[in-house]
Each structure stands twice: as C-alpha cells, then as structure tokens.
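Working notes, beginning with the structure itself.
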Amino acid sequence: MDIWEDDNSDEMDIDNDLMDDCEEDSFSESEQESNVKRLQKLNIGDDFHVEYAPQRNTTAYGSSRCPEHIKSKEKMGIGDLVKDHALPFLPAKSICRFRSVSKEWNKWITNPFLAHKQSHCFQDISGFFCQIAGEHSFISCDPHSCGVPDPSFSFLPEPVILKTTCNGLICCQSCIEDNAYYICNPVNRQWKVLPRPNYYHGPGSAVALAFEPSALKFEANYQLVCAFRLADHPILYFEIYSSRSKSWRLVDTLCCELDALKLSGDGLYMKGMVYWETLAGSVLAFDLTYEQCWILPLPPECGPEGVLTKRHGELCYILPHKKDNEYAIRIYGDFKMVLKHSFPLELDDFGYTSGGLRALSCLNDDVLAILFGNRIITYHVKAQKVKILGTVRPDGFVTCHPYVNSLVPVDHPLVSRQQANSHPCTSSSLWHSIG
C-alpha cells in the first residue's frame, strides 16, 4: 500500500513539473511588460536593454505543431467531425456508401481502425438471415442503410448450414461429412475454417457463438461453445473453441440433468453466459467465466413459438399468444421467467395467413420481430405500430437468425488487410458492392 502511494506521488511530481514548464513557456506579453515596468522603477539606467525571446507555440511535451495526419481543433470542420465521430455509429452498408465523398474518406473507411471502432460502437440488430431448405437470404430492417453483398454465402468454399450469429460474426457448418465449422462475416467476405473438434458433434449437439466487441482489444476474440452427447452416455459435455488458442478444449463440467439432455436448437450469448432452450421446457445456462452450468425455468406455456432474446440488457422470453381471433405478446423476465408485460397485437390489416405466429428477436428495447405466416413483421411496443420487413418462402420451416451489420474482421485486421491488398478479389475490393 505504501509503494502504491509513493508511485502516485512521483507521477504527481512529474505532472506538476510539466505544468510548470508549460506556464514558463507560455509567458504572455502582458506579464513581460509588467516586469519591465518593475525594472524601470529600480532605476537601473538607460543602458539597460530587455530582449524578448520569440514566441513559441509549444505544448508540455515540447511539440510545436500537430503531426500532418492529425488536424488541430481549430482546423477541423463539420466533415472531419462526422468522419471521425459519427461514422462508427452507422451500419456497414451506410459507411461503405460514403467512400465516394473524397479520397480522405475512402482511406479512412478502408482503414482497419474504423472497422474495429465500428464493431464496438454499432451493435444494433440490422436484419435477419433466413434459411430454408438449404437456401439463404437476408431481410434487412432498412435496405437503404443495412445490407450484405452476398447473403447466399457463396464466398465460402462449400455449401453450409447457418448455425448461429453474434454481434456481426456468423457460425456456419459444412453440409459434407466432416461437418467443419466456419466463422465468417458476409460484409467483408472474410472467413475462417476451424480445426476439427476433438469429439464428434452429432445431430443432437448445439452450438453458441460468443463474441463481445471491445474498444481495448484490437483483435476480434471469440469462442464457439458446443454442447454434445456421446453415444449411450446420458451426459451432456461441453467443448469450447477459442480464437486465442486456436484450438478446442473439453471443459471439466458435465451436465447430468435429464431436462437438459435434449436441446431444441442453437444457443444465445449474452454477458458472458450462453443459453439453450431444451425440449423439456427449460433453459440450460452455461457460464463461460467459471465454466459452470445450471437449469433455469421457462413459462409453463412455452413452445416453439417463443424465443429467448435480450431486452433492456437482460434475458427475456417472448411468447406470442392467440385466443379466438385475437393476438397478444407476452414478455417474461428474471431468472424465474415471470410475466413482465402483456399487450395486444393488432394484425387485422394483414388478413388471414397460414403458419401461425412465431417470435424471432428484439431489434431493440421497443421493437419486436415476429414471423407471421411467411412475413417478417416488426411491432413497436410504445407506438403500437406494425411494419412488414419482408417475406420468406412458404413451402417449409424457416429459421431466422438476427444479424448485426458490422465491419468486424474475422482475422487480425492488419493481417487481413495485407492479404486483401495482395489478392484484389478478396475483402477490400468488395466494399463497393455493398453500396
């Protein structure tokens, strides 16, 4: 404790010395004139001559001017402020459309530092990747600002099945025998094939992609968590791939709960936790930090129409409800999944449709996404307004995965950019196709 205090006192002494140097270098003319008057009162004589040192515009660290690539506040215009402080809060498609503003903007937009900053600043759900009968499509919440150049994943070396998404990254799995996992971002068409797992992830397994953008970590570090069973073993195992170690690892934690042995689909990541719905009407939760798992309840009336999602920064369960010809939305929350909100859903203007009602996700705290028949609609809770986003094929079961229109690179951004410059047909050359 004493050492910590001494270190702080030394730093304070250094800062005070720097401030004293600043004050001495920034001696104003008024102070110099007042000193001359004081000297004249001392009757030193007419031969006394005072020479003023030339004025210098210096800082505490001795630099007289800003570097050429950095503009001072006096020289910054509204365009510079927008470029540096507004672009990172926009979706990827909107940013790419600004490349034609100037060479300076184009250089900044293709800079990996902007991609890193945007992946942290922009995390709004921008649309849904829809998958039906092996075909993929993207339905955007706003086609003018959010989009991808290739929603069919044709940039991957083989046909894939979309498994899960997380903050701009997508996990796909090969349709061939080896069932290889791919991590990709369709915005820049970057992808990475993961090494083969140590254990067989059979048909009953489920994965969850965990990625949390950070302003302090330049490289996008992610984890892929797979919950699987071995043949004739009534136990659920967990195997985790880490982009840091570039390898798979079997954790020590086992799940022997009968309610968790059969998972209904791939999982959701939120705040260091992974959640899977089970066919027994419960939630399997897995803590990535402590690598522990436990069971959470779901509402008694839960079913395939409901969905686990995030709202107001907390885990919730959204369940559409139909009684007679009236629709309603119920929102459950807390770890006990108690009913928090219930409000009617006016769908009379859409007429009759087959296929029922299924919740998809929360776009934000006020807007819910719902699959109504073969139409994806959004419902604004406060304004009580319904909007159609798009339609999907009506000839089969469709899975809809929320997606964030992010510039996040799959590999290290500096390495990826060097590869893109050496291969003109890779990520950097495809920015124009988004806009």
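Where a number appears in this text, it was derived from the coordinates with a stated rule and is not lab data. Predicted model, so just to flag it, every value in this text is computed and none were measured. Glycine also receives a Cβ, built like all others from the backbone with ideal geometry; neighbour counts cover every protein chain displayed.
Taking all Cα-Cα distances within segment 250-374, those exceeding 25 Å account for 28%. Pairs from the table (LYS107/LYS387; LYS103/LYS192; LYS310/LYS382; LYS93/LYS262; LYS323/LYS385) lying more than 27 angstrom apart at Cα are LYS107/LYS387; LYS103/LYS192; LYS93/LYS262. Summarised in one figure, the compactness ratio Rg/Rh of segment 143-213, Cα atoms and Kirkwood Rh, is 0.98.
When the inverse distances between all different Cα atoms of segment 87-138 are averaged and flipped, the Kirkwood radius reads 12.5 angstrom.
Here, segment 118-404 has an Rg and a Dmax of 18.7, 55 Å when only alpha carbons are counted.
Each other residue within a Cβ distance under 11 Å of GLU305 adds +1 if Lys or Arg and -1 if Asp or Glu, for a net charge of +2.
Pairwise Cα separations in segment 219-277 fall into 10 Å bins from 0 onward with the following percentages, short to long: 20, 52, 25, 4, 0.
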